[in-house]
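Mind having a look at this structure? Questions to follow.
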There are 2 protein chains.
Amino acid sequence: MLETDTITAEDVAAAAGVSRWTVARAFKKDASISRKTRDKVLAVARDLGYVPDLHAAGLAADRSNLVALIFDDFDNPHKLVILERMTRIVQQHGWAAITINSGGPDGATEALQSARQRRVDAAVMIGTEFDDELLSTATEARRLKKLVVFARESLCKGTISIHCDDERAMAEIAEHITACGRRRPLFLAGPETQSAGLRRAELFNASWTSRHGSPSPIVHVGAYASDTAYHRLLEVFGALGGLNAVDVVVCENDIIAIGAMDALRHGLGLHVPQDVGVVGFDDITLAAAPSYALTTYRQPISSMVEALVEILESGETPASVTALEGRLVVRSSL
Amino acid sequence: MLETDTITAEDVAAAAGVSRWTVARAFKKDASISRKTRDKVLAVARDLGYVPDLHAAGLAADRSNLVALIFDDFDNPHKLVILERMTRIVQQHGWAAITINSGGPDGATEALQSARQRRVDAAVMIGTEFDDELLSTATEARRLKKLVVFARESLCKGTISIHCDDERAMAEIAEHITACGRRRPLFLAGPETQSAGLRRAELFNASWTSRHGSPSPIVHVGAYASDTAYHRLLEVFGALGGLNAVDVVVCENDIIAIGAMDALRHGLGLHVPQDVGVVGFDDITLAAAPSYALTTYRQPISSMVEALVEILESGETPASVTALEGRLVVRSSL
DNA sequence: CATGTGCTTGCACGCGCGTGCAAGAAGATT
DNA sequence: AATCTTCTTGCACGCGCGTGCAAGCACATG
């Protein structure tokens with residue numbers, strides 16, 4: 001790189017024959033500056049390749065225009081969808097996103113501290129590992145301007161939660177299964193510790209029980225990973241009673257659903273959906289692939305990010321909970 | 001959040017009975033400070049919950065400890081692998097990563113400018129849309145401290161390129177195919193404009209021709225997307241001569257390979273690898289799924305990121321090219 | 001032409017910390 | 001005990017820009 005010498009507002013001011021502050025005004029919307037000087041300054045700035053230093057601006061204004069996106073894992077492609085929406089929409093509104101890899105639950109404190117050191121306007125926690133207990137004990141969390149829990153309902157004090165209305169979602173799934181004539185669901189949930197925070201198994205059973213009197217069995221998978229789900233299902237399917245006990249597998253997310261489908265088809269030689277139906281959650285890209293054609297529930301990620309932007313732009317820090325409605329995407333797995 | 005009042009080095013200094021600069025020294029490795037005062041300061045800092053403000057530090061030292069990761073798309077799960085390694089390893093060395101969504105090639109300039117505004121120590125471009133022509137015409141690129149092109153060879157002046165040794169990779173693939181007895185490869189490449197930068201088709205054919213005399217046909221897919229690849233292969237397979245003309249499909253990446261496998265199996269009713277073999281590139285998680293069991297080539301992402309860290313830590317800005325060796329992962333698709 | 005109003009512009013001060021130098025403290029030397 | 005080192009510590013200045021206020025200006029009014 002050749003011209004690394006940073007060019008400041010001072011330089012532009014000198015070249016345009018105005019003061020440094022006038023240059024700042026030219027770049028500030030709704031600033032009191034005459035049309036003529038603004039145009040002149042902007043033109044000079046363009047020639048010189050000047051852009052305001054957001055770093056210094058943040059320091060002065062105590063507003064970094066930075067949000068931290070803290071992820072607990074990067075295995076689920078759904079994270080990529082979230083990241084895409086998040087970065088794109090947030091950028092459109094003038095923020096930049098710093099992505100922090102917490103590297104597991106133990107790293108949460110460190111991640112939060114790192115966010116604070118960068119003066120982020122908000123830290124967004126994305127991942128089931130970040131449960132309310134962890135958040136309520138993390139003192140770092142108290143020191144952030146805003147703490148948002150994304151894609152999971154959080155009742156933690158001082159925390160802002162933006163998520164899909166899972167209660168409604170699970171009710172819709174229960175209804176769809178019922179409409180398809182299935183009566184023997186098996187709920188395949190994630191790791192017991194993490195899955196609890198999502199409450200999907202619980203919500204599904206609440207809805208299912210209200211319709212059919214008795215709950216569905218729940219089996220936990222050791223990790224949100226297809227191969228783990230694959231082996232887990234093989235392990236329990238026969239023990240539960242095989243086809244006599246299960247005619248549809250409801251999964252906490254698509255990753256598990258993919259593993260379940262592979263297990264049913266390749267491991268047990270069954271047909272989906274003829275023998276056993278499968279329903280997922282998230283609608284990852286792969287769910288639409290002809291090999292899977294998974295019926296799943298799509299979270300309203302874009303709306304959720306819009307909600308985040310609103311919270312970013314609002315001055316106050318309301319300890320709020322926003323639940324948005326997604327939609328069931330019916331394909332051929334049920 | 002309750003205690004939003006930022007606590008500065010000044011506060012710690014007062015509480016510890018030293019000057020602000022001594023506090024700074026306590027946090028600086030290899031600083032000239034006595035063991036005793038450092039321990040005292042650090043203890044006070046911990047009690048008060050003080051951590052140095054990296055924002056202000058960056059402003060003062062002209063070093064933000066920030067790198068920008070600029071992505072052109074978020075559809076390929078391989079990006080997630082890169083992101084995970086990138087954030088994790090870079091964090092371990094004291095940097096934080098800001099993720100920028102360029103939203104297509106037109107957004108590259110804007111993304112670069114955004115990176116500059118944040119005073120990043122380096123901007124890393126990840127994606128085939130960022131070709132050398134674009135980079136050489138982008139004046140913003142000249143103003144960054146370091147510009148790194150990741151996972152693609154770049155010969156652009158002033159640019160640092162870190163990538164997998166594709167020449168060797170394609171030679172290994174050609175050798176494997178040959179060893180498996182296949183003699184009629186079809187190369188399924190990405191969009192013509194983007195694929196050119198990767199040069200994989202070209203490199204494969206160089207190797208193939210040297211072994212068997214004549215090159216493999218090359219078919220371009222309109223997008224790096226499975227369904228696009230699916231339809232494209234269906235479209236051209238018969239026209240090329242079907243099984244008489246093709247006994248293995250070599251794909252520019254796994255996403256295309258997945259689409260190709262689906263097309264061969266579900267679209268054409270063929271068997272993989274019995275009728276036609278498939279080889280991919282990247283080794284995404286899905287490649288290991290039993291439904292695909294894709295033979296593919298794994299790029300040495302971790303080593304590549306380590307190389308990036310080395311470049312970050314080295315003061316100079318060598319316009320360098322680093323090509324690292326990956327490895328072929330043989331599964332059952334060939 | 002004098003006065004008042006509203007729009008522009010300039011500026012002191014501060015955001016939190018790093019750098020380099022000089023003053024001070026502690027230990028070593030004769 | 002006096003002096004010299006070496007280690008510690010304090011400080012002026014600056015990084016690039018935002019905020020709030022006051023001075024400057026143009027124009028309209030009487």
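Rule-based calculations on the coordinates, nothing more; no lab input. All values reported here derive from a predicted model rather than from experimental measurement. Here Cβ is always computed from backbone atoms with ideal geometry, including for glycine, and neighbour counts include all displayed protein chains.
Give the percent of DSSP beta bridges with both residues in the protein assembly as shown that are antiparallel, rounded to the nearest 5. Walk me through the intermediate numbers first.
Values: 9 of 75 bridges.
Percentage antiparallel, nearest 5: 10.
Also, quick follow-up: Taking the inverse of the average 1/r across all pairs of different Cα atoms in region A:121-163, what Kirkwood radius in Å do you get?
Details: mean 1/r = 0.0990 Å⁻¹.
Final number for the Kirkwood radius of region A:121-163 is 10.1 Å.
Could you work out [θ]222 nm for chain A from helices alone, using -39500 (n - 2.57) per DSSP H run of at least four and dividing by all its residues? Round to the nearest 500 deg cm²/dmol.
Values: 14 runs with 144 residues, N = 334.
The helix-only estimate for chain A comes to -13000 deg cm²/dmol at 222 nm.
Rounding to the nearest 20 debye, state how big the charge dipole of the protein assembly as shown is about its Cα centre with +1 on each Lys and Arg Cβ and -1 on each Asp and Glu Cβ. Intermediate results must be reported in sequence, preceding the final value.
Working: 68 positive and 86 negative charges, 228 e Å.
Dipole about the Cα centre, nearest 20: 1100 debye.
Please compute the Kirkwood hydrodynamic radius of region B:9-52 from all pairs of different C-alpha atoms, in Å with one decimal. Walk me through the intermediate numbers first.
On the way: mean 1/r = 0.1013 Å⁻¹.
Kirkwood hydrodynamic radius for region B:9-52: 9.9 Å.
Right, something else. Per the Cauchy relation, a quarter of the hull surface: what is the mean projected area of the convex hull of the alpha carbons in region A:166-298, in nm²? If you can, show how the numbers build up before the last one.
On the way: hull surface 28.2 nm².
Average of the hull's projected areas for region A:166-298 equals 7.1 nm².
Taking Rh as the Kirkwood radius computed over C-alpha pairs, what is the Stokes-Einstein D of region A:231-271 at 25 °C in a medium of viscosity 0.890 mPa s, expressed in µm² per second? Mind showing how you got there, number by number?
Numbers: Rh = 10.3 Å.
This corresponds to a translational diffusion coefficient of 239 µm²/s.
What is the distance in Å between the Cα centroid of region A:1-45 and that of region B:62-99?
Measuring centre to centre over Cα atoms gives 32 Å.
For region B:108-206, compute Rh as the Kirkwood radius over C-alpha pairs and then the Stokes-Einstein diffusion coefficient at 4 °C and 1.567 mPa s; write the answer in µm²/s, rounded to an integer.
On the way: Rh = 15.0 Å.
For the chosen part, D equals 86 µm²/s.
Could I ask something else about it? Nearest 5 is fine: what % of DSSP beta bridges in chain A come out antiparallel, could you say?
10
Mind giving me the nanometre distance, one decimal, between the label points for B:HIS271 and A:GLN92, set 7 Å out from Cα along Cα→Cβ?
Roughly 5.0 nm, to one decimal.
What are the radius of gyration and Dmax of chain B, computed over its Cα atoms and given in Å?
Looking at chain B, its Cα Rg and Dmax stand at 24.9, 85 Å.
Mind checking the log10 I(q)/I(0) for the protein assembly as shown at q = 0.07, 0.12 Å⁻¹? Debye, one equal scatterer per Cα, no solvent, two decimals.
For the requested q values the scattering log ratios are -0.53, -1.33.
With a 10 Å Cβ neighbour count serving as the proxy for reagent exposure, in which order, fewest first, do A:ILE160, B:ILE255 appear? All intermediate terms of the calculation are to be shown ahead of the outcome.
Working: A:ILE160 23, B:ILE255 29.
Placing the least packed residue first, the sequence is A:ILE160, B:ILE255.
List the residues, sorted by chain then number, that are 5 or more residues from B:THR322 or on another chain and whose placed amide H is less than 5 Å from its amide H.
Correct list: B:SER161, B:ILE162, B:HIS163.
Straight distance only, please: which lysines reach the Cα of B:LYS28 with their own Cα at less than 21 Å, same-chain residues fewer than 8 apart left out?
Output for B:LYS28: B:LYS36, B:LYS40.
Taking springs between alpha-carbon atoms closer than 10 angstrom, which of B:VAL90, B:VAL23, B:VAL305 fluctuates most in the Gaussian network model of chain B?
Greatest mean-square fluctuation among the candidates belongs to B:VAL23.
Count the net charge of all other residues whose Cβ sits under 13 Å from the Cβ of A:GLU202, scoring Lys and Arg as +1 and Asp and Glu as -1.
Numbers: positive: A:ARG199, A:ARG200; negative: A:GLU153, A:ASP166, A:GLU167, A:GLU192, A:GLU252.
Within the 13 Å Cβ shell, the charges total -3.
Please report the net charge: other residues with Cβ closer than 14 Å to the Cβ of B:LEU268, K and R +1, D and E -1. Before the final figure, lay out each step's value.
Details: positive: B:ARG232, B:ARG265; negative: B:GLU235, B:ASP247, B:ASP262, B:ASP275.
Once all neighbours under 14 Å are counted, the net charge is -2.
Next up: If the chain between B:ALA43 and B:ALA288 were fully stretched, how many nm would it gain, using 0.36 nm times the residue separation less the Cα-Cα distance?
Working: separation 245, 0.36 × 245 = 88.20 nm, distance 4.91 nm.
Between B:ALA43 and B:ALA288, full extension yields 83.3 nm more.
Apply the Kirkwood formula to region B:226-334: the hydrodynamic radius equals the inverse of the mean of 1/r over all pairs of different alpha-carbon atoms; give it in Å with one decimal.
Working: mean 1/r = 0.0653 Å⁻¹.
Roughly 15.3 Å, rounded to one decimal.
If the cut-off is 13 Å between C-alpha atoms, which aspartates and glutamates fall inside it for B:LYS145, apart from same-chain ones fewer than 8 positions away?
Straight-line reach from B:LYS145, under 13 Å: A:GLU3, A:ASP5, B:ASP62, B:ASP121, B:GLU313, B:GLU316.
Calculated FRET efficiency, A:ARG20 and B:THR8, Cβ-Cβ r, R0 41 Å, to nearest 0.05?
Working: r = 26 Å, r/R0 = 0.63.
Efficiency for this residue pair is about 0.95.
Run the label-point distances for B:ASP39 please: 7 Å along Cα to Cβ, every other copy, nanometres, shortest first.
Result, one decimal in nm: 6.9.
Another question about this same structure. Given springs between every Cα pair under 10 Å in a Gaussian network model of chain B, which of B:SER320, B:SER226, B:SER214 has the largest fluctuation?
B:SER214
Relative to the other copies, what are the label-point distances for A:GLU306, with labels 7 Å from Cα along the C-beta vector, expressed in nm at one decimal and sorted shortest first?
Label point to label point, same position, other copies: 4.7 nm.
Return the loop-located trypsin sites (Lys or Arg not before Pro) in region B:116-167 (DSSP other than H, G, I, E, B) with at most 15 other Cβ atoms within 10 Å of their own Cβ; answer none if there are none. Intermediate results must be reported in sequence, preceding the final value.
Details: sites: B:ARG116, B:ARG118, B:ARG119, B:ARG142, B:ARG143, B:LYS145, B:LYS146, B:ARG152, B:LYS157; in loops: B:ARG118, B:ARG119, B:ARG143, B:LYS145, B:LYS146, B:ARG152, B:LYS157.
Answer by residue number: B:LYS157.
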